[in-house]
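Below: the structure, in structure tokens.
The values are calculated or read from the model by the stated rules, or taken from the named source; none is laboratory data. The structure presented is a predicted model; accordingly, all values stated were derived computationally and were not measured. Methodologically, a virtual Cβ is constructed for each residue, glycine included, from the backbone with ideal geometry; neighbour enumeration extends over all protein chains shown.
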Amino acid sequence: MTKVLNGIAASDGIAAAKAYMLVQPDLSFEEKTIDNPDAEIERLSAAVETSKQELEVIKQKATENLGAEEAQVFEAHLTILSDPELFGQINDKIKNDKVNAEAALKSVTDMFIQMFEAMEDNAYMQERAGDIRDVTKRVMGHLLGVSIPNPALINEEVVIVAHDLTPSDTAQLDRNFVKGFITDIGGRTSHSAIMSRTLEIPAVVGSGNATSEISEGQMVIIDGLDGQALVEPTEEEGE
């Protein structure tokens, strides 16, 4: 039986393809007291280097898909990964508090994020908070050995289903393969909605429950005009 999900129409058009679940990984960890701070700093350094290499590839993809201006978000991410003050504080925390790299990374980046988010009248700093959050997620994934979703690697026609799409996610979308998307949260002026119009792909945002109602590989029709998605439509509905 066809399932109908209602949300906010974000970008006009109709798209039909199999669902690709862009689900955020579990990045929970246990804070540990460590005996060898140098080994933890080395682990962190390796995770940062791998993240840089990934972001260079993603930046190139984003430049090809969206143009240099939209790819600037990844230049900002690379700048954060090379920030001596940020990583100096993280390394100091590992050495002084004898905690594992994961705990030090989260503690220090949380402090920076809260500081930037508190500057409510400064849109630039608010964006930097989001960038630090994205970068932290990527580095944490490498520390934990958990793979972070890379939409740039999608190579078949799909409709993306996500709780939300970060600037990193949307800048990687290749409209040759990503035919549309639906998110749980967001509105017409949210970043993901604006990017869907830039990419000219149909999108429905703010559905509330897309990630719990749709499964990987199910056929989904996105109606970006009416703000609806049909899950496993009948042949008649699919025409």
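Please return the ranges of helices (runs of 4 or more DSSP H) entirely within region 146-239 where 3 or more residues are at pLDDT below 95.
Counting at least 3 such residues, we get 167-171, 191-199, 235-238.
Within region 58-101, can you find the residues that are modelled with pLDDT under 95, part of a helix (DSSP H, G or I) and of a type in the set (Gly, Ala, Ser)?
Result: 62, 76.
Quick one: would you say residue 25 is closer than 26 Å to residue 107 by Cα, of a type outside the set (Asp, Glu) and buried (at least 17 other Cβ atoms within 10 Å of the Cβ)?
Against the criterion (closer than 26 Å to residue 107 by Cα, of a type outside the set (Asp, Glu) and buried (at least 17 other Cβ atoms within 10 Å of the Cβ)), residue 25 does not qualify.
Checking residue 138 against (1) surrounded by 18 or more Cβ atoms within 10 Å (Cβ to Cβ); (2) on the phi < 0 side of the Ramachandran plot; (3) outside the structural domain of residue 71 (by TED's automatic domain parsing): exactly one of these is not met. Which one?
(3)
Filter region 207-227 down to residues that are surrounded by fewer than 22 Cβ atoms within 10 Å (Cβ to Cβ) and farther than 16 Å from residue 18 by Cα, then give me how many there are.
5
Enumerate the pairs (first residue in region 22-40 and part of a loop (DSSP other than H, G, I, E, B); second residue anywhere and loosely packed, with under 10 Cβ neighbours inside 10 Å and of a type outside the set (Val, Ile, Thr)) with beta-carbon separation below 9 Å, excluding pairs fewer than 6 apart on the same chain, so at least 6 apart or on different chains.
Pairs found: 25/147.
Using beta carbons and a limit of 7 Å, which pairs, at least six apart or on different chains, have the first residue in region 53-72 and in contact (Cβ under 8 Å) with a residue 60 or more places away in the chain and at negative phi and the second one outside any helix (DSSP H, G or I) and surrounded by 20 or more Cβ atoms within 10 Å (Cβ to Cβ)?
58/172; 61/172; 62/172; 65/173
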